[in-house]
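Peer 1: Structure in structure tokens, see below.
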Amino acid sequence: MDFRNIVVRPIEIAEESRFQKLMQEYHYLGALPKIGNTIRYVATYQGDWLSLIVFSAAALKCGARDNWIGWKFRYQYDRLNLLANNSRFLILPDYHFKNLASKILSLCQRRIQNDWITHFGYPLLLLETFVDPTRFHGTIYKASNWDFVGNTKGYQRIRGSYSDKKGTGKMVFVCPLQRDATQILSHPILEKCYHTGGQNMKLSADQMKSLPDFFRNIKDPRRAQGRRHSLHVVLAISAAAVLCGMAGYKEISDWAKSLGQKARSRFRCRRQNKKYIVPSESIIRNVLIKVDPEELDRALQQWNETYGAVDESLAIDGKTMCNAIDKDGRQTHIMSAVGHQSGQCYTQKKLAHSL
């Protein structure tokens, strides 16, 4: 086989059924549904399929990877779209030739950057993959100059959370797609060309626990009869959803439903049949419509002031007050120092300049 004639390309829509059928039949983990942004590749030689490979959404949490990148918890979640996970790699039967796998992986690495921009509108900075050490040694990735950065803790991700049972940790390999990838990902300010429209932030466990307390003193506008969820719980979940990028009652409700049991307990949700339940969309809408906006705003400001101290960098913003002329005929300008992470305005300074 002449490796120079191997072609790697994204599959066509009409080929998805065949792709999934082969993956299910021959890969030890079976077929994989699309996870977030996903591109499925096929490697061909003279029209024959040699290999199947999938790149999908990066893992939400991976200590070895996160430590290697060096990014901070509170702003890594809106940058995960700049990473992709090599979630499946299959060489089909009859094509297990020496160096074929590393050749195919290399061809994928050369084109995935442009493919990602074409499909999703923004670039990738880093590839990652997880290797089961009980089955493989990561030889393909080592030969392709991927970096081994450590092992996972062995907790498997399940719907909305992680399993309590600890299994075998996976080997974690990463591959930067440009030299300054880690600097870009870990910098407090992300360049505009890398904005992906992802989540604004991800709340920590302590932040989830703290939110309800800031709403306890708000008067409940609902009738006492039929209250299934405490006001401070409904407001805390709603505020958290908005902080994480949700907009509108439906998105807030969907976000609440996606919370795992641990997150629900941190928000102090109501317990029913040994499970924590979240307020419905109608309850969220009813509360947000009726609650006193001034009381709500004060509570949010207090929470913001408490956590605004975590800002690592400030943006200096200048505005000219077009119709503000002082008695000496000078135009007024306002300079503000705003925290990048919290958006809190720490200070303002008025300046006057002659026209």
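The values are calculated or read from the model by the stated rules, or taken from the named source; none is laboratory data. Note that the structure is a prediction, hence the values are computed from the model and not measured. With ideal geometry, Cβ positions are generated from the backbone for all residues, glycine too; neighbour counts draw on all protein chains shown.
Peer 1: Residues that are in contact with a strand residue (DSSP E or B) (Cβ under 9 Å, 6 or more places away or on another chain), at pLDDT 95 or above and assigned to a loop (DSSP other than H, G, I, E, B): does the stretch 90-99 have at least one?
Peer 2: yes
Peer 1: Looking at (1) over 13 Å from V172 (Cα atoms); (2) in contact (Cβ under 8 Å) with a residue 24 or more places away in the chain; (3) of a type outside the set (G, A, S), which one does N114 not meet, given that it meets all the others?
Peer 2: If we test N114 against (1) over 13 Å from V172 (Cα atoms); (2) in contact (Cβ under 8 Å) with a residue 24 or more places away in the chain; (3) of a type outside the set (G, A, S), just (2) comes out false.
Peer 1: In the stretch 294-301, is there at least one residue being over 21 Å from F215 (Cβ atoms) and at pLDDT below 90?
Peer 2: No, the stretch 294-301 has no match at all.
Peer 1: If G308 passes every condition in (1) in contact with a strand residue (DSSP E or B) (Cβ under 7 Å, 6 or more places away or on another chain); (2) at pLDDT 80 or above; (3) within 25 Å of D78 (Cβ to Cβ) but one, which one does it miss?
Peer 2: That leaves (2) as the condition not met.
Peer 1: Does Y77 qualify as being under 21 Å from D2 (Cα atoms) and of a type in the set (F, W, Y)?
Peer 2: no
Peer 1: For the stretch 146-186, give me every one of the strands (runs of 3 or more DSSP E) that falls completely inside it and has 3 or more residues that are modelled with pLDDT of 90 or more and surrounded by fewer than 18 Cβ atoms within 10 Å (Cβ to Cβ).
Peer 2: Because the criterion is at least 3 residues that are modelled with pLDDT of 90 or more and surrounded by fewer than 18 Cβ atoms within 10 Å (Cβ to Cβ), the strands (runs of 3 or more DSSP E) in the stretch 146-186 that meet it are 147-151.
Peer 1: Would you confirm, using the coordinates I've provided, whether R271 is touching a Leu at 6+ places or on another chain (Cβ under 8 Å) and either outside any helix (DSSP H, G or I) or not assigned by TED's automatic domain parsing to the domain that holds K209 (or both)?
Peer 2: no
Peer 1: Something else about it: Inside the stretch 187-206, can you point out the residues that are modelled with pLDDT of 70 or more and within 21 Å of L259 (Cβ to Cβ)?
Peer 2: Of everything in the stretch 187-206, those that are modelled with pLDDT of 70 or more and within 21 Å of L259 (Cβ to Cβ) turn out to be L203, S204, A205, D206.
Peer 1: Would you confirm whether or not the stretch 230-246 contains a residue that is farther than 29 Å from H195 by Cα and surrounded by fewer than 20 Cβ atoms within 10 Å (Cβ to Cβ)?
Peer 2: Scanning the stretch 230-246 turns up at least one residue that is farther than 29 Å from H195 by Cα and surrounded by fewer than 20 Cβ atoms within 10 Å (Cβ to Cβ).
Peer 1: Scan the stretch 42-70 for residues that are surrounded by fewer than 16 Cβ atoms within 10 Å (Cβ to Cβ) and either part of a strand (DSSP E or B) or under 29 Å from the mean Cα position of the chain (by Cα) (or both) and report the count.
Peer 2: Residues flagged as surrounded by fewer than 16 Cβ atoms within 10 Å (Cβ to Cβ) and either part of a strand (DSSP E or B) or under 29 Å from the mean Cα position of the chain (by Cα) (or both) within the stretch 42-70 amount to 6.
Peer 1: Also, I was wondering about something else. As an exercise: evaluate K209 against (1) surrounded by 12 or more Cβ atoms within 10 Å (Cβ to Cβ); (2) modelled with pLDDT under 90; (3) outside the structural domain of E294 (by TED's automatic domain parsing) and give the number of the one condition it does not meet.
Peer 2: Here K209 clears every test but (3).
Peer 1: Among the residues of the stretch 124-144, write down those that are surrounded by 16 or more Cβ atoms within 10 Å (Cβ to Cβ) and either farther than 16 Å from F173 by Cβ or not hydrophobic (A, V, I, L, M, F, W, C) (or both).
Peer 2: Matches in the stretch 124-144: E128, T129, G138, Y141, S144.
Peer 1: While we're here: Which pairs have Cβ atoms under 8 Å, sit 6 or more apart or on different chains, and link a residue in the stretch 11-26 that is closer than 15 Å to V54 by Cβ and in the same structural domain as S87 (by TED's automatic domain parsing) to one that is surrounded by 12 or more Cβ atoms within 10 Å (Cβ to Cβ) and small (G, A, S)?
Peer 2: If the second residue must be surrounded by 12 or more Cβ atoms within 10 Å (Cβ to Cβ) and small (G, A, S), the pairs left are Q20/A31; K21/A31; M23/A31; Q24/A31.
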